[in-house]
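**Student:** One structure, as structure tokens, below. Some questions next.
The values are calculated or read from the model by the stated rules, or taken from the named source; none is laboratory data. Computed from a predicted model, the values in this text were never measured in an experiment. Note: ideal-geometry Cβ built from the backbone for every residue, glycine included; neighbour counts use all protein chains shown. The accessibility values were calculated without ligands, DNA or RNA, using every heavy atom of the protein model including side chains. Shrake-Rupley method; radii C 1.70, N 1.55, O 1.52, S 1.80 Å.
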Amino acid sequence: MSFRALGLRTWLIQRLSAVYIALYMAVILLWLLSHLPASYSQWSGMFSHPVMLIATAIFYSAVFVHAWVGIRDILIDYINPTGIRFGLLTLLALFLMVMSMWVLFIVIGLVKL
Amino acid sequence: MKKRARRPKFLNLFKIHLPVTGVASILHRLSGVILFLCIPASLFLLQLSLSGDAGFQQALHYFSLPVVKILLIPVTWSFSHHLLAGVRFLLIDQNLGVTLASARKSAWLVNMLAVLVTAFITGASLL
């Protein structure tokens with residue numbers, strides 16, 4: 001029996017990441033609708049703003065955490081053999097870590113200190 | 001302990017009648033998987049668009065291709081349904097709409113709204 005309330009913590013993380021994702025998407029979509037970038041310099045200028053870079057890094061972190069919880073639930077529900085399920089969960093974790101590094105490279109490439 | 005007699009399995013998906021709330025729920029799961037599969041492509045396009053003038057133009061070019069525009073329809077639906085069904089779940093968590101009647105209505109609303117939003121966005125993008 002878990003006294004650390006891991007299920008509750010996971011449930012909360014899922015909700016919090018969802019709220020952040022929704023807010024980020026809403027702000028970005030509204031911003032883009034009013035300031036549609038017509039050129040590379042406009043687009044990279046908008047993206048290189050420190051607030052945008054940080055918000056985007058957090059956005060992708062939220063997506064990956066949210067995806068981990070969601071896909072993990074699917075694997076638990078449908079993959080019964082423990083070995084296969086464990087293997088797929090490991091692959092999922094590896095995939096999300098690779099994606100995280102990719103985001104890191106993209107963001108760092110734009111940082112101007 | 002003796003093994004129990006095997007339970008009857010009834011997994012003919014074409015014969016199972018899922019209530020509307022079940023439809024909203026399973027589509028929430030399906031749309032989530034679709035969005036998950038879009039992650040690498042989204043990062044690729046983001047990186048491409050930020051790599052320079054040529055990359056930016058190339059990324060815009062991809063979005064103008066008919067096959068991409070067609071693939072974006074289920075992706076748009078996935079985001080709409082996943083978001084709307086997710087909000088419905090968040091409200092139910094806060095005890096809003098937990099009666100069967102209201103749950104059915106909100107599920108119906110979410111299912112329809114997701115399709116309408118997708119149609120609207122697809123139509124607007126084609127203009």
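**Student:** Counting Lys and Arg as +1 and Asp and Glu as -1, each charge on the Cβ, what is the dipole of chain B about the Cα centre in debye, to the nearest 20? Spell out each step's value before the answer.
**Tutor:** Working: 12 positive and 2 negative charges, 270 e Å.
Dipole of chain B, to the nearest 20 debye: 1300 debye.
**Student:** Say we join alpha carbon atoms closer than 10 Å with springs in a Gaussian network model of chain A; which of A:VAL19, A:VAL27, A:VAL65 then has the biggest fluctuation?
**Tutor:** Ranking A:VAL19, A:VAL27, A:VAL65 by mean-square fluctuation puts A:VAL27 first.
**Student:** Label 7 Å along Cα→Cβ of B:ARG29; the stretch B:85-106 residues with amide nitrogen under 14 Å?
**Tutor:** none
**Student:** Taking R0 as 25 Å, what's the FRET efficiency between A:ALA22 and B:ASP53 from their Cβ-Cβ distance, rounded to 0.05? Spell out each step's value before the answer.
**Tutor:** Numbers: r = 33 Å, r/R0 = 1.30.
For A:ALA22 and B:ASP53, the calculated efficiency is 0.15.
**Student:** Further question: Considering only protein heavy atoms and a 1.4 Å probe, what is the carbon-and-sulfur percentage of the accessible area of the protein assembly as shown?
**Tutor:** Whole-percent figure for carbon plus sulfur exposure: 75.
**Student:** Once you have the Kirkwood Rh of the stretch B:20-60 from its Cα pairs, apply Stokes-Einstein at 10 °C and 1.306 mPa s and quote D in µm²/s.
**Tutor:** In µm²/s, the coefficient is 133.
**Student:** Same structure again: What percentages make up the Cα-Cα pair-distance distribution of chain B when the bins are 5 Å wide from 0?
**Tutor:** Spelled out bin by bin, chain B gives 2, 9, 14, 15, 14, 13, 10, 8, 6, 4, 2, 1, 1, 0, 0 percent.
**Student:** If each residue of separation counts as 0.36 nm, what is the full-extension length gain between A:ARG72 and A:VAL111 once their alpha-carbon separation is subtracted?
**Tutor:** On the way: separation 39, 0.36 × 39 = 14.04 nm, distance 3.32 nm.
In short, 10.7 nm is gained.
**Student:** Heavy-atom accessible area per residue, the protein assembly as shown, 1.4 Å probe: how many Å²?
**Tutor:** Each residue of the protein assembly as shown exposes 69 Å² on average to a 1.4 Å probe.
**Student:** Going by Cα centres, the stretch A:78-94 and the stretch B:3-67 are how many Å apart?
**Tutor:** 20
**Student:** Just which residues of the stretch B:16-32 lose 20 Å² or more accessible area with every protein chain there, against their chain alone, with the probe set to 1.4 Å?
**Tutor:** Checking the loss per residue gives B:ARG29.
**Student:** What residues does the stretch A:8-48 have that are buried by at least 20 Å² of accessible area in the full protein assembly compared to the chain on its own, 1.4 angstrom probe?
**Tutor:** A:TRP11, A:ARG15, A:ALA22, A:MET25, A:TYR40, A:TRP43, A:PHE47
**Student:** Follow-up. Determine, from the Cβ-Cβ distance of B:LEU43 and B:ALA5 and an R0 of 51 Å, the FRET efficiency 1/(1 + (r/R0)^6), rounded to the nearest 0.05. Please report the intermediate quantities before stating the final value.
**Tutor:** On the way: r = 50 Å, r/R0 = 0.99.
It comes out at approximately 0.50.
**Student:** Cross-link candidates for B:LYS9: which aspartates and glutamates have Cα within less than 20 Å, leaving aside residues fewer than 8 places away along the same chain?
**Tutor:** Cross-link targets: A:ASP77.
**Student:** Tell me what chain B gives for mean residue ellipticity at 222 nm when only DSSP H runs of n ≥ 4 count, each as -39,500 (n - 2.57), the sum divided by the residue total, rounded to 500 deg cm²/dmol.
**Tutor:** -26000 deg cm²/dmol
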